[in-house]
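The block underneath contains the structure these notes are about, expressed in structure tokens.
Values quoted throughout were computed directly from the atomic coordinates according to the rules given, and no laboratory measurement underlies them. Predicted model only: the values in this text are computed from it and were never measured. Reconstructed Cβ throughout: ideal geometry from the backbone, glycine too, with neighbour counts over all protein chains shown.
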Amino acid sequence: MSKCPGQDTQMWGHDAIFDVECPKCHNLIEFFKDEVRRRCKSCGEVVFNDRMDLGCAKWCPSAASCVGPDAVKAIELSEARKARREDLRLLLDQVPESQPEVRELFKTLFSEYRGEDRVFDTNRLYTVQERDPELFERATAAFQAFLQAKQALAAREAEARARTEEMLRHDQRRKKPEGPSEHREGA
């Protein structure tokens, strides 16, 4: 198999090496553009390269043989982490600036949760109810607003996909070659 042009280091530009900040200790970690993850020498945290663009590995049937099965798994994990961080941003957008303690609670719950399948363990939110019922109420309201915003975003994305698919179908109908009867009518 010939080498993928995106993986050929001779084709790389000056921006193929860059620094990524460790989310835990803020140390700078040097990455090559094709590296999926590195361990921070300062704190030991596994840091993923958010700037890595191996988008082709998400859909290419040869991805495992091109970048390796471990890299494909790491890319999937990186995508899950990106989605989780995006969910945290959306959640924090639902919290009014006048409620910094709710924002800090969500950041803490996010950092404590080790899974990649959701923003945080909602069971941990309920532990707040016993020690601070008012904080729990405000956090729950913000979380419900987040769930509604996420649902609305998913609906808009589904509508956009449907419109795109319809446009593509319409475009394909227009591009069909003219049949013999259509030529005769115009003559």
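Around A154, with a cut-off of 14 angstrom between Cβ atoms, what is the net charge of the other residues, counting Lys and Arg +1 and Asp and Glu -1?
Taking every Cβ under 14 Å from that of A154, the sum is -1.
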Review point. Mind checking Rg over Rh on segment 47-95, alpha carbons, Kirkwood formula for Rh?
Key: 1.11
Revision key, fill the gap. In the chain, lysine pairs 8 or more places apart or on different chains with C-alpha atoms under 25 Å apart total 22
Study note, to complete from the structure: Distribution output for the chain: share of Cα-Cα pairs per 5 Å bin in percent, first bin at 0, values 1, 6, 10, 12, 12, 12, 12, 11, 7, 5, 4, 3, 2, 1, 1, 0, 0
Exercise for review: Enter the Cα centre distance for the pair segment 141-155 and segment 91-140, rounded to the nearest angstrom.
Suggested key: 15 Å
